[in-house]
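Student: Take a look at this one; I'll ask things after.
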C-alpha cells in the first residue's frame, strides 16, 4: 500500500508539470497558425487530456471489462463538470463569452443525447462506435473551419485599415506585403496575442520553432499518458486493498484518475488567466470522451450499459451537463456559488455510488 501511495503522489507531480508543458506548447502552436484559445481547448488540449480515458477504456474493453470502460467515460464527464469546474470557480474569476460558449456546449448536450440513444438497446456496438467516431471527426473539422474564418476576418480588418477596404491579402502588391512584413516586432507580438500572425499569413514559416513546439507537445502528451496509467494502477491497487468493487472503481477512482490531466490543465489555465482554454478544454474533453473514447472502445468490443448506468449515472451526467450550460449564463458572484454547488453534487455522486454498491 505504501508503494501505491508513493506512485500516486509522483504521478500527480508528473501530471501537473506535463500538463503545464502541454498548455504552453499548445498556445504557441495555435498562435503560430492563428487559431483561437477556445479552439486550442476544444481540440489539442482536450484530445491530450482525454488520452488517459482512451487508453484505460481500450485496455478495459480488450480485457472484456466493458462496464469499466463506459463507467470511466460517464464518470469522467461527471467529474470534469462537478469537481474540476467547481474547484476552478472557487479559486478564480472565470470570464466567458456567453453566446460563443453556449453554442459550443450545445454540441456537448447533443453528443450526450446521441450517446444515450445509441445505448437504448443495452449496448453500444461497433456500428455505433463508427458513428460516434465519425461525428467526432466532423466536430473537429467544423471547429477548425470556424477558427480559420475568425483568423481571416481579423487579417482582413487589418489590411483594410492599412490599404483600403477594396484590398484583400491576395490583392496586395509585393511592396504592400513588404510593409506588413516590416511592422515592428512589438506590434507583431501584440497582434499575435490577439490571434493575428502576419508571418504565417504571408507564408513566412519558422520550421525549427514549429518542430520544437510539436516536440514539446508530444513529450508532454507521452508524460500525461504514462503518469495517468501509473496513477490509475496505483489507485486501483489501493481500492483492491480496501475491498472496493470494480464498478465503483470505474465510476470514481479511475474516472478521477483519468480526469487528473483536466484538473492539472485547469490549474495551469487559471495561473495564466486563460479562462477560454479552461472552459474550452472541459467542453472539448467531455465531447471527446463520449464520441472518440466511446466510439473507439465500442469498435473493439460492445459497451454494456448496466442498470446502475440507466437509473443513476446517465441521468446524473445529463443533469450536470445542463448545469454546465446554466453556469455559462451566470455572473461572476453566482459562479462562485455554483462552484460550491457543483462540488456538493460531486460529493452526492460519490456517496450514492457507495450506498448503491453496499460498501
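Student: The conditions are (1) more than 17 Å from the chain's Cα centre (by Cα); (2) modelled with pLDDT of 90 or more, and residue 271 fails exactly one of them. Which is it?
Tutor: Exception for residue 271: condition (2).
Student: Oh, and also: Can we say residue 59 is farther than 19 Å from residue 281 by Cβ, free of Cβ contacts under 8 Å to residues at least 24 places away in the same chain and surrounded by 16 or more Cβ atoms within 10 Å (Cβ to Cβ)?
Tutor: Yes, satisfied.
Student: Let me ask something else. Please verify whether region 238-248 includes one or more residues that are touching a helix residue (DSSP H, G or I) at 6+ places or on another chain (Cβ under 6 Å) and not in a helix (DSSP H, G or I).
Tutor: Yes, region 238-248 contains at least one residue that is touching a helix residue (DSSP H, G or I) at 6+ places or on another chain (Cβ under 6 Å) and not in a helix (DSSP H, G or I).
Student: Same structure, new question: Taking the stated definitions as given, is residue 314 under 22 Å from residue 349 (Cα atoms) and surrounded by fewer than 22 Cβ atoms within 10 Å (Cβ to Cβ)?
Tutor: It is true that residue 314 is under 22 Å from residue 349 (Cα atoms) and surrounded by fewer than 22 Cβ atoms within 10 Å (Cβ to Cβ).
Student: Does residue 225 satisfy the criteria of being at pLDDT below 70 and farther than 17 Å from residue 29 by Cβ?
Tutor: no
Student: Can you tell me which condition residue 234 does not meet? The list is (1) at pLDDT 75 or above; (2) buried (at least 17 other Cβ atoms within 10 Å of the Cβ); (3) under 24 Å from residue 139 (Cα atoms), and all the others hold.
Tutor: Evaluating residue 234 over (1) at pLDDT 75 or above; (2) buried (at least 17 other Cβ atoms within 10 Å of the Cβ); (3) under 24 Å from residue 139 (Cα atoms) leaves (3) as the failure.
Student: In region 290-316, which residues are under 17 Å from the mean Cα position of the chain (by Cα) and closer than 13 Å to residue 109 by Cα?
Tutor: Those that are under 17 Å from the mean Cα position of the chain (by Cα) and closer than 13 Å to residue 109 by Cα: 290, 291.
Student: Among (1) at pLDDT 75 or above; (2) buried (at least 23 other Cβ atoms within 10 Å of the Cβ), there is one condition residue 19 misses while meeting the rest; what is its number?
Tutor: If we test residue 19 against (1) at pLDDT 75 or above; (2) buried (at least 23 other Cβ atoms within 10 Å of the Cβ), just (1) comes out false.
Student: Quick check on my filter: what residues within region 237-277 are farther than 20 Å from residue 60 by Cα and crowded, with 24+ Cβ neighbours inside 10 Å?
Tutor: Within region 237-277, 262, 264, 265, 266, 269, 277 qualify.
Student: A further question follows. From the list 72, 103, exactly one residue is part of a helix (DSSP H, G or I), free of Cβ contacts under 8 Å to residues at least 24 places away in the same chain and out of contact with any strand residue (DSSP E or B) (no Cβ under 7 Å at 6 or more places or on another chain). Which is it?
Tutor: 103
Student: Of the residues in region 59-110, how many are at pLDDT 80 or above and on the phi > 0 side of the Ramachandran plot?
Tutor: Looking only at that region, the number is 0.
Student: Here is a further query. Being closer than 19 Å to residue 140 by Cα, buried (at least 24 other Cβ atoms within 10 Å of the Cβ) and in contact with a helix residue (DSSP H, G or I) (Cβ under 9 Å, 6 or more places away or on another chain) is the requirement here; does residue 280 meet it?
Tutor: So residue 280 passes the test.
Student: Then there's this: Go through region 109-144 and count every residue that is in contact with a strand residue (DSSP E or B) (Cβ under 6 Å, 6 or more places away or on another chain) and assigned to a helix (DSSP H, G or I).
Tutor: 1
Student: Something else about it: Does region 317-339 hold any residues that are more than 20 Å from the chain's Cα centre (by Cα) and either in a loop (DSSP other than H, G, I, E, B) or modelled with pLDDT of 90 or more (or both), and which are they?
Tutor: Within region 317-339, 330, 331 meet the criteria.
Student: Quick check on my filter: what residues within region 295-341 are farther than 30 Å from residue 124 by Cα, touching a helix residue (DSSP H, G or I) at 6+ places or on another chain (Cβ under 9 Å) and free of Cβ contacts under 8 Å to residues at least 60 places away in the same chain?
Tutor: Residues satisfying the conditions are 330, 334, 337.
The values are calculated or read from the model by the stated rules, or taken from the named source; none is laboratory data. What you see is a predicted model, and the numbers here were worked out from it, not measured in a lab. So basically every Cβ, Gly included, is an ideal-geometry build from the backbone, and we count neighbours across all protein chains shown.
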